[in-house]
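Right, one structure below, let's go through it.
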Amino acid sequence: MTKVIVFDTTMRDGELTPDVKMNLQQKITISQLLEKMGVDIIEVGYPGNSQKDFEEVFNISKIIKNSTICGLASSQKNEIISVAEAIKPAARGRIHTYTPVNIKNQSRLGEEQILSIIKDSVSLARNYCDDVEWSAFDAPRSQPDFLCQAIETATKSGANTISIPDSLGLSSPAEFSQLLQMIFNRVPNIDQAIVSVHCHDDLGMAVDNSLIALNCGVRQIECAINGLGARKGNADLAKVVMGVLNQGNYQIDIDTELINQASELVSQITGVEKGNY
């Protein structure tokens, strides 16, 4: 069976939930439970954005041995280097960098500049780390031709994982599926990377969009405990895991008996009520 990679962003995107902040000890406790659950990738923070996040990624990188520890960066050189430094102690580390691709009304020169930024930023990340993820920020609202060029460029430059985020959570499952099918059909080197999705829940479609993406060829789903995240939140990890298992034809390495424990722990730390699973 095809394996589905679980990428957890409870501690990074989850801190964009209004009034939610986690300290180092709380993040250590969460990350240890996520590792015990079998979560593949743990995105701890945004090291280039704050010293707090840098220290959290750095310290958790020393502790976690089985899961991959990930930090987020924009395309800016200093942010990418900050993640590289923060994940240095990790047994398995990942640099996750993103570039806005919704550049409507840009000239061709503007497009070429963005493609150059993608090439340079992904190449820089690969100089520091063998595991690089690139996100096409605001992909659903971008021009299809340019989006495909951007994905092709990121893959050629060394991104092992390409994430297609529904950044504003405005896509229906039909629209999101259509976008993903277009990408798989039109990007010539798409088979050289794992394709991921990161769905927000503004229209209540994050889990549906994440699960329908598997039918298009997506192999990594980004989610959060209790659906924490910016605005209405991310795809809920528990619902994603159970949804994948219910499809019956995918392997997912999560200990489902620990999901409730993780939900309760995150609820206690954040004050955000857990789902009922």
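Within the chain, what percent of beta bridges assigned by DSSP are antiparallel, to the nearest 5?
Working: 1 of 37 bridges.
For the chain, the DSSP antiparallel bridge percentage is about 5.
DSSP loop trypsin sites (Lys or Arg not before Pro) in region 57-126 with at most 12 other Cβ atoms within 10 Å of their Cβ, which ones? Show your work: numbers first, answer last.
Numbers: sites: Lys62, Lys65, Lys77, Arg92, Arg94, Lys104, Arg108, Lys119, Arg126; in loops: Lys65, Arg92, Lys104.
The qualifying sites are Lys65, Lys104.
Please give, to one decimal in nm, the separation of the simple spin-label points placed at Asn66 and Arg126, each 7 Å out from Cα toward the Cβ.
3.1
Sort region 32-86 into rounded, prolate or oblate with this rule: let a ≥ b ≥ c be the square roots of the eigenvalues of the Cα gyration tensor; rounded if a/c is under 1.5, and if a/c is not under 1.5, prolate when a/b is larger than b/c, oblate otherwise.
Numbers: a/c = 2.58, a/b = 2.01, b/c = 1.29.
The shape class here is prolate.
Find how much the distance from Asn260 to Asn246 grows on full extension, using 0.36 nm per residue of separation minus their present alpha carbon separation; answer in nm with one decimal.
Values: separation 14, 0.36 × 14 = 5.04 nm, distance 1.77 nm.
Answer, rounded to one decimal: 3.3 nm.
Using the Kirkwood radius over Cα pairs, work out the Stokes-Einstein diffusion coefficient for region 177-268 at 4 °C and 1.567 mPa s, in µm²/s as a whole number. Working shown, then result.
Numbers: Rh = 14.0 Å.
The diffusion coefficient I find is 92 µm²/s.
Under a 1.4 Å probe, what is the accessible area of the chain per residue, stated in Å²? Write out the running numbers ahead of the final one.
Numbers: 11520 Å² over 277 residues.
Here the per-residue accessible area is 42 Å².
How much net charge surrounds Pro188 when only other residues with a Cβ under 12 Å from its Cβ are counted (Lys, Arg +1; Asp, Glu -1)?
On the way: positive: Lys156, Arg186; negative: Glu152, Asp191.
That sum, taken over residues with Cβ under 12 Å, equals 0.
Need the list of lysines near Lys21 for cross-linking: C-alpha distance under 22 angstrom, and skip anything on the same chain fewer than eight residues off.
Correct list for Lys21: Lys52, Lys62, Lys232, Lys274.
Quick one: in region 12-122, what % of C-alpha pairs are over 17 Å apart? Each step should come with its number before you reach the end.
On the way: 3420 of 6105 pairs.
I get 56 percent for the Cα pairs in region 12-122 exceeding 17 Å.
Can you give me the distance in nm between label points at Glu85 and Val20, each placed 7 Å from the Cα along the Cα-to-Cβ direction?
Reported label-point gap for Glu85 and Val20 is 2.8 nm.
So, in Å, what gap is there between the alpha-carbon centers of region 77-135 and region 190-244?
If you average the Cα positions of each part, the centres end up 22 Å apart.
Leaving out ligands, DNA and RNA, and with a 1.4 Å probe, what % of the accessible surface on the chain is carbon or sulfur?
Values: 5420 of 11520 Å².
Percent of accessible area from carbon and sulfur atoms in the chain: 47.
Residues with amide H under 5 Å of Cys199's amide H, sequence separation 5 or more or different chain, H placed in the peptide plane at 1.01 Å from N; which?
Under 5 Å from the amide H of Cys199: Asp166, Glu222, Ala235.
Can you give the Kirkwood hydrodynamic radius of region 152-230 from its Cα pairs, in Å with one decimal?
One over the average 1/r among Cα pairs gives 12.8 Å for region 152-230.
The values are calculated or read from the model by the stated rules, or taken from the named source; none is laboratory data. On a predicted model such as this, the values are computed, not experimentally measured, just so you know. Note that each Cβ is placed from the backbone with ideal geometry, even for glycine, and that neighbours are counted across all protein chains shown. Just the protein is used for accessible areas: all its heavy atoms, side chains included, with ligands, DNA and RNA removed. Shrake-Rupley method; radii C 1.70, N 1.55, O 1.52, S 1.80 Å.
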